[in-house]
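J.: Below you will find the structure I want to go over with you.
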Amino acid sequence: MHRRRYLALASASAVSLAGCVSRPSSDEQSSTVTPSPGADGVSVAYVVRPGSIPDDVAQLSVDFAVYLAERSEDVYACTTGAPLMDNKYDPTPTPLPEPEGACERFDAPRVDVATLDGSRTLGPFEAGERFTGGHTLVAHDVTLVLDDGTTATDVYDTDFRAVTERTTPSGTYGVEIGVTDYANEDESPRWRYGIDVQRFEATPVD
């Protein structure tokens, strides 16, 4: 399976964002939903499923947030916060410009990807017609717990954009999240565990 790594661009401590309107979480938990916005709005949902996860990983918990942008140029800027982290175990501020247009933010439920039976749907998240510039699903505060109960602190990445689209067609987007244990790899990077992210085509059902 081809894997892609995404740099961290969000922080778990980012609660209020400049230029953003924050909304409470949507906790729809059907297998897959078909977003159906009104005539003047957009609606997106995300299906999260586990990728390859080592046997000694008991928990892979991830917080999610969703951002919709009025301008496509602001898709990244809408996720700005203070401070932004590359990794919670090696915090390095990564400043982003303030968005010029409006942004809308939704909190999503925390998901333990390691214990998912199949997949979990987040959303749908709905906004007005002005928010057609793009959308982003941000994963942050990733926590990896081993079978012996210890929390791994040599993990990269703990904050990243899992899905980014510069247009906002209403629909369902799939993302697979897994873990690589580099102790089993020929290479010896700085981090013991790497978070793997890959998009997949999610098939909506009624």
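The values are calculated or read from the model by the stated rules, or taken from the named source; none is laboratory data. Small disclaimer: the values here were computed from a predicted structure and weren't measured. Don't worry about glycine lacking a Cβ; one is built from the backbone with ideal geometry, like all the others, and counts go over all protein chains shown.
J.: In the range 95-134, how many are over 17 Å from the mean Cα position of the chain (by Cα), closer than 30 Å to Ala58 by Cα and of a type in the set (Lys, Arg)?
T.: Counting residues in the range 95-134 that are over 17 Å from the mean Cα position of the chain (by Cα), closer than 30 Å to Ala58 by Cα and of a type in the set (Lys, Arg) gives 0.
J.: Of the conditions (1) of a type outside the set (Asp, Glu); (2) at pLDDT 95 or above; (3) under 18 Å from Ser52 (Cβ atoms), Tyr156 fails just one. Which one is it?
T.: Only one criterion is unmet by Tyr156, namely (2).
J.: Out of all the residues in the range 142-154, which are free of Cβ contacts under 8 Å to residues at least 12 places away in the same chain and either under 21 Å from Pro109 (Cα atoms) or part of a strand (DSSP E or B) (or both)?
T.: Thr151, the sole residue that qualifies.
J.: If you check Arg190 against the conditions, is it of a type in the set (Lys, Arg) and assigned to a strand (DSSP E or B)?
T.: On the way: of a type in the set (Lys, Arg): yes; assigned to a strand (DSSP E or B): no.
No.
J.: Would you be able to say whether some residue in the range 94-103 is of a type outside the set (D, E, K, R), assigned to a loop (DSSP other than H, G, I, E, B) and buried (at least 21 other Cβ atoms within 10 Å of the Cβ)? Walk me through how you get there before you give the answer.
T.: Just the residues of the range 94-103 that are of a type outside the set (D, E, K, R), to begin with: 94-97, 99, 101-103.
With assigned to a loop (DSSP other than H, G, I, E, B) added as a condition, the list becomes 94-97, 99, 101-102.
Then drop every residue that is not buried (at least 21 other Cβ atoms within 10 Å of the Cβ), which leaves 99.
Yes, the range 94-103 contains a residue that is of a type outside the set (D, E, K, R), assigned to a loop (DSSP other than H, G, I, E, B) and buried (at least 21 other Cβ atoms within 10 Å of the Cβ).
J.: So is Val113 modelled with pLDDT of 95 or more and in contact with a helix residue (DSSP H, G or I) (Cβ under 9 Å, 6 or more places away or on another chain) or not? Walk me through how you get there before you give the answer.
T.: On the way: modelled with pLDDT of 95 or more: yes; in contact with a helix residue (DSSP H, G or I) (Cβ under 9 Å, 6 or more places away or on another chain): no.
Taking the combined requirement at face value, the residue does not satisfy it.
J.: If I go through the range 75-90 residue by residue, how many of them are among the aliphatic types (A, V, I, L, M), at pLDDT 70 or above and under 15 Å from the mean Cα position of the chain (by Cα)? Quick ask: steps written out before the conclusion?
T.: Our first condition is that a residue be among the aliphatic types (A, V, I, L, M); within the range 75-90, this holds for 75, 77, 82, 84-85.
If we keep only those that are at pLDDT 70 or above as well, we get 75, 77.
With the extra rule that they be under 15 Å from the mean Cα position of the chain (by Cα), the set shrinks to 75.
The qualifying residues number 1.
J.: Among the residues of the range 155-166, are any surrounded by 15 or more Cβ atoms within 10 Å (Cβ to Cβ) and without any contact (Cβ under 8 Å) to a residue 24 or more places away in the chain?
T.: No, the range 155-166 contains no residue that is surrounded by 15 or more Cβ atoms within 10 Å (Cβ to Cβ) and without any contact (Cβ under 8 Å) to a residue 24 or more places away in the chain.
J.: I would also like to ask the following. Would you call Asp107 in contact with a strand residue (DSSP E or B) (Cβ under 8 Å, 6 or more places away or on another chain), modelled with pLDDT under 95 and part of a strand (DSSP E or B)?
T.: On the way: in contact with a strand residue (DSSP E or B) (Cβ under 8 Å, 6 or more places away or on another chain): yes; modelled with pLDDT under 95: yes; part of a strand (DSSP E or B): yes.
Yes: the conditions hold for Asp107.
J.: Now a separate question. In this structure, does Ala183 turn out to be modelled with pLDDT under 95, among the small types (Gly, Ala, Ser) and within 16 Å of the chain's Cα centre (by Cα)? First the steps, then the outcome.
T.: Values: modelled with pLDDT under 95: yes; among the small types (Gly, Ala, Ser): yes; within 16 Å of the chain's Cα centre (by Cα): no.
Judged against the criteria, Ala183 is not a match.
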